[in-house]
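All remarks here apply to the structure that follows.
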Amino acid sequence: MSHSTTGLTGKLFGRIRRWALIGLGAIFAVADFLTFWLPLPIGIPLLLIGFALLGRHSPRARLWLRLLKRRANMFWRDHLD
């Protein structure tokens, strides 16, 4: 196997891994919205895992989470004073 083939395989594996983790994060986030009404606190860990995976591997989700964090900081700063 030549070096260029190994590099191509590594890039393909990395791309597949990235999309698999984005899909897994989306599944966890959706599972949270499906289980939030249950009496056990299952939804919060699912949401945190899902957002962590999405924020780590999806640039669009990372930007959205940064915006959400900025808005939350502004909200608490305005309401705690």
When the helices in the chain are scored as -39500 (n - 2.57) per DSSP H run of 4 or longer and the sum is shared across all residues, what 222 nm value do you end up with, to the nearest 500 deg cm²/dmol? -30500 deg cm²/dmol
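Sort the chain into rounded, prolate or oblate with this rule: let a ≥ b ≥ c be the square roots of the eigenvalues of the Cα gyration tensor; rounded if a/c is under 1.5, and if a/c is not under 1.5, prolate when a/b is larger than b/c, oblate otherwise. Spell out each step's value before the answer.
Values: a/c = 4.95, a/b = 1.80, b/c = 2.74.
In terms of gyration-tensor shape, oblate.
Rounded to the nearest 20 debye, what is the charge dipole size of segment 3-80 about its Cα centre when +1 sits on each Lys and Arg Cβ and -1 on each Asp and Glu Cβ? Let's see the in-between values first.
Numbers: 12 positive and 2 negative charges, 92 e Å.
Magnitude of the dipole: close to 440 debye.
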What are the membrane-span-like helices in the chain by this rule: whole DSSP H runs, Cα extent along the axis at least 20 Å, mean Kyte-Doolittle hydropathy at least -0.5? 3-35, 43-57
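FYI, it's all coordinate maths here, none of it is from the lab. All values reported here derive from a predicted model rather than from experimental measurement. No Cβ is skipped: glycine too gets one built from the backbone with ideal geometry, and neighbour counts run over all protein chains shown.
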